Amino acid sequence: MKSFLAFLVAMGITVTLGDAYCFSKLSKPGEAKEGCILEGKLYPFGEIARTENCFRCSCSPHAMRCCSLFHTPVGFDEVNCKVIFNKKSCDYEVVQKSDPSEECVVYSRVG
């Protein structure tokens, strides 16, 4: 039992330290005059703590670099559960299909 609890703690730490999904978008010469455009919205140069679609970004005249603020659930009961994205909390909720007020256990997530 102690080994199992140690494993759970180690996995919790590993998931917490894992990187989220990241991408870069290079600017064409002369394109970024006032900031960076992501999904049709102009963001100012500098650090953006949270975009409308839950990314943390850095905008410069040369590129926009973004990382997701969420991790996608992959280890759960796909037959009885469904995934819902909550834009307010920037996180996925996994709930029972038959009763969406009941959460499902998620065993793993990917960034």
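Things to note:
- By the count of neighbouring beta-carbon atoms within 10 Å, fewest first, V105, V95, V79, V110 end up ordered V79, V105, V110, V95.
- Simple spin-label estimate for V110 and E34 gives 3.9 nm between the two label positions (7 Å along the Cα-to-Cβ direction from each Cα).
- C90 versus K25: modelled label distance in nm, points set 7 Å from Cα along the beta carbon direction: 1.6
- Under 23 Å from the Cα of K82 - lysines, other chains or at least 8 residues apart: K97
- Panel order for I37, I84, by other beta carbons found within 10 Å of each beta carbon, from fewest to most: I84, I37.
- Residue order for S108, S98, fewest other beta carbons within 10 angstrom first, comes to S98, S108.
- One quarter of the convex hull surface built on the alpha carbon atoms of the stretch 17-68 amounts to 3.5 nm², the projected area averaged over directions.
FYI, it's all coordinate maths here, none of it is from the lab. Not measured: the values here are computed from a predicted model. Cβ sites come from the backbone with ideal geometry, for glycine too, and all protein chains shown count toward neighbours.
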